[in-house]
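As structure tokens, the structure follows; a few thoughts come after it.
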Amino acid sequence: MSSSQTPDEIFRLWRDSMAKGAESWAKVLGQGQRPDVYQFWRPFFDQGMEAWSRLLTQGAAPDLLESWKKFQDAWIEAWSKVLTQAMGTENFAAALGKHLDQHLSAIGPARKQMAEVGEEMLRVLNLPSRRQVADLAELVVALESRIEALEDKIEALLHRERPAGD
Amino acid sequence: MAEGTILEEIERTLKRLANTAQLVAKPTEPEVGQTPRTLVYRRNKSRLYHYPVQGGSPHPTPVLFVPNLGISRPYIFDLAPGGSFIEYMVKGGFNFYLLDWGVFGDEDNALTVDECVTEILPRVIRRVLRHAGAPGLSLLGYCMGAPLSACALALHPREPVRAFVNMAGPIDFAKAGLFTCWMDKRVFDVDRLINTYGSMPAEMVRLGFKMLKPTTDLSTLTNLWWNAWNERYVEGFKALNKWANEFVPMPGEFFRQWVKDFYQENKLIRGQLRVRGRRVDLAKIRCPVLVVGAREDNICPPACARALIEAVSSVEKEYVELPGGHISLVAGRQAANNLWPRVSQWLAQRSRA
């Protein structure tokens, strides 16, 4: 990159190289290849280091840092678009669903067993279980609702009995 | 390059280092939700708060604000003085009521969409009218709060709702972007999830929302670094970051119904949704309607919210699309310049004794 380039030109170069990079990444993700994390971060650090080194050694243009910020935002946005595109496919959704199924297959029996053991321990200690406390809370909620329903009915009756204009 | 600029930048970088070090080493809890309010009504976890008028010429019609149920806490609408939607509204002369659905626990897993629409919302509307001593109110729904409010309105068209605003609330779920794709019934078994966990756990809610835009945390952190020299920015960041990382669970039966009827079958816009045996017909909504879509919204893309305009029978209806995403539409500097004055003016014009 020549030092005579203006920040806007540098920014345009960054943007173009990013667009190309993002495009090739989208292809890679589409083909189900394993992404290279190093490549993902590299432009970010390379451009940052270059901006700082120019700022400290050559006396860069005052808006160079501003251009670097713009580059960062555009770079993140470009990757965001790539990822959104990749995650919006049926393949990705199917993989996500499969992952959730596997997770539930693993966690379901373990949770059930832990709940049973926990309940047994609480029973031995003569303490209420989580389920029992939740049941009690549900009962309170139901009672609260019934009281409210009664309040509404009383209010409606009072309105009916009250003479017009009162 | 001027020597001053380099020195200035070095000074800023030192401030950045100091402020970020303090954020990590000595994190302080930001104060949120500071606009004065009183509790008007509570039902189980739900709370109805009243924010009295603080200025301007008072509008006769009170505003009931219904945000999303579960997922996140509603203090995003009252983040900090000078950066609060609620404060803006009360200073603009509105008697403002907020329905905070609360943080649900295991005992709430039986809560359904039906209960919210046919019991909680109509009761909350009556409480607002009684408390405000007003003959009617304006209903403001955000995100999930908008379709829930629309259902309540469609089922109870005689409720004295003077105007309805849908702020980034999904209506046509076929257009709800990545969530529609991920929760397709061919790949997402909601029954199995709820039968295993009992609810939609907060951690899974977090994962789902973070996956929608995986670069969000990265851009938040880079923006923090760039602005960390500015103490005011850091304070704002702390409040927003607290909210952005506080996810809350969704009651199991509610989430099951929400996914099946709304996302997977798209019954609301198709006119096939049945609540307590009654069909929800959006065409029964006749009051003035304003729909606000956010241009970069990936939770409720503009077309997803805009569908309400075609579905209602209102003579007076308007759609506006504003810049921003699902959150920046309602909170932050952009919201203060765009959404808040827009909604406030629209409601003020329809407020009457």
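The values are calculated or read from the model by the stated rules, or taken from the named source; none is laboratory data. Please read all numbers here as calculations on a predicted model, not as lab measurements. Here the Cβ is made from the backbone with ideal geometry for all residues, glycine too, and neighbour counts use every protein chain on show.
So which of B:Val205, B:Val190 ends up being touching a residue at least 40 places away in the same chain (Cβ under 8 Å), under 15 Å from B:Arg256 (Cα atoms) and within 17 Å of the chain's Cα centre (by Cα)?
Details: B:Val190 fails: within 17 Å of the chain's Cα centre (by Cα).
The unique qualifying residue is B:Val205.
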If you go through the stretch A:74-99, how many residues are of a type in the set (A, V, I, L, M) and within 7 Å of chain B (Cβ to nearest Cβ)?
6
If A:Gln102 meets every condition in (1) more than 10 Å from every other protein chain (Cβ to nearest Cβ); (2) touching a residue at least 60 places away in the same chain (Cβ under 8 Å) apart from one, which number is that one?
(2)
Residue under evaluation B:Pro122, criteria (1) farther than 23 Å from B:Val291 by Cα; (2) surrounded by fewer than 24 Cβ atoms within 10 Å (Cβ to Cβ); (3) at pLDDT below 95, criterion not met:
(1)
Under the condition of being within 11 Å of another protein chain (Cβ to nearest Cβ) and not basic (Lys, Arg), which residue from the stretch A:105-127 is surrounded by the most Cβ atoms within 10 Å (Cβ to Cβ)?
A:Gly108
Within the group B:Glu8, B:Glu31, which residue is more than 30 Å from B:Ile125 (Cβ to Cβ) and in contact (Cβ under 8 Å) with a residue 24 or more places away in the chain?
B:Glu31
Please enumerate the residues belonging to the stretch B:99-145 that are within 13 Å of another protein chain (Cβ to nearest Cβ), of a type in the set (A, V, I, L, M) and out of contact with any His (no Cβ under 9 Å at 6 or more places or on another chain).
B:Ala110, B:Leu111, B:Ile120, B:Val124, B:Leu129
In the stretch B:241-271, residues that are modelled with pLDDT under 95 and in a helix (DSSP H, G or I) total 4
With (1) more than 7 Å from chain B (Cβ to nearest Cβ); (2) surrounded by 11 or more Cβ atoms within 10 Å (Cβ to Cβ); (3) not hydroxyl-bearing (Ser, Thr, Tyr) as the list, and A:Arg130 as the residue in question, which single condition is left unmet?
(1)
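Quick grid of which residues meet (1) of a type in the set (Asp, Glu); (2) surrounded by 22 or more Cβ atoms within 10 Å (Cβ to Cβ); (3) touching a helix residue (DSSP H, G or I) at 6+ places or on another chain (Cβ under 6 Å):
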| site | (1), (2), (3) |
| --- | --- |
| B:Glu265 | yes, no, no |
| B:Gly271 | no, no, no |
| B:Lys284 | no, no, yes |
| B:Arg295 | no, no, no |
| B:Glu316 | yes, no, no |
| B:Ile327 | no, no, no |
| B:Gly332 | no, no, no |
| B:Ala336 | no, no, no |
| B:Ala348 | no, no, no |
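Could you count how many residues in the stretch B:138-154 are assigned to a helix (DSSP H, G or I) and within 18 Å of B:Leu347 (Cα to Cα)? Reasoning before the result, please.
In the first step, residues of the stretch B:138-154 are kept if they are assigned to a helix (DSSP H, G or I); the result is B:145-154.
Next cut, within 18 Å of B:Leu347 (Cα to Cα) only: B:145-146, B:149-150, B:153.
So the answer is 5.
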For the structure I just gave you, tell me whether B:Pro81 is loosely packed, with under 15 Cβ neighbours inside 10 Å and in contact with an Asp or Glu (Cβ under 7 Å, 6 or more places away or on another chain).
yes
Only one of these is hydrophobic (A, V, I, L, M, F, W, C) and either within 14 Å of another protein chain (Cβ to nearest Cβ) or in contact with a Phe, Trp or Tyr (Cβ under 6 Å, 6 or more places away or on another chain) (or both): B:Phe164, B:Phe96. Name it.
B:Phe96
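Here is a yes/no grid of residues against (1) modelled with pLDDT of 95 or more; (2) in contact with a Ser or Thr (Cβ under 6 Å, 6 or more places away or on another chain); (3) surrounded by fewer than 21 Cβ atoms within 10 Å (Cβ to Cβ):
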position: B:Leu153; (1), (2), (3): yes, no, no
position: B:Arg158; (1), (2), (3): no, no, yes
position: B:Phe164; (1), (2), (3): yes, no, no
position: B:Ala168; (1), (2), (3): yes, no, no
position: B:Asp191; (1), (2), (3): yes, no, yes
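If only one of B:Ala176, B:Ala154 is of a type in the set (A, V, I, L, M) and in contact with an Asp or Glu (Cβ under 9 Å, 6 or more places away or on another chain), which one is it?
Working: B:Ala176 fails: in contact with an Asp or Glu (Cβ under 9 Å, 6 or more places away or on another chain).
That would be B:Ala154, the only listed residue that is of a type in the set (A, V, I, L, M) and in contact with an Asp or Glu (Cβ under 9 Å, 6 or more places away or on another chain).
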Those residues of the stretch B:155-175 which are within 18 Å of the chain's Cα centre (by Cα), assigned to a loop (DSSP other than H, G, I, E, B) and more than 16 Å from B:Ala311 (Cβ to Cβ), in sequence order:
B:Ala168
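Going by the conditions given, is B:Val117 touching a Cys at 6+ places or on another chain (Cβ under 7 Å) and in contact (Cβ under 8 Å) with a residue 12 or more places away in the chain?
On the way: touching a Cys at 6+ places or on another chain (Cβ under 7 Å): yes; in contact (Cβ under 8 Å) with a residue 12 or more places away in the chain: yes.
Here the answer is yes, as B:Val117 does meet what is asked.
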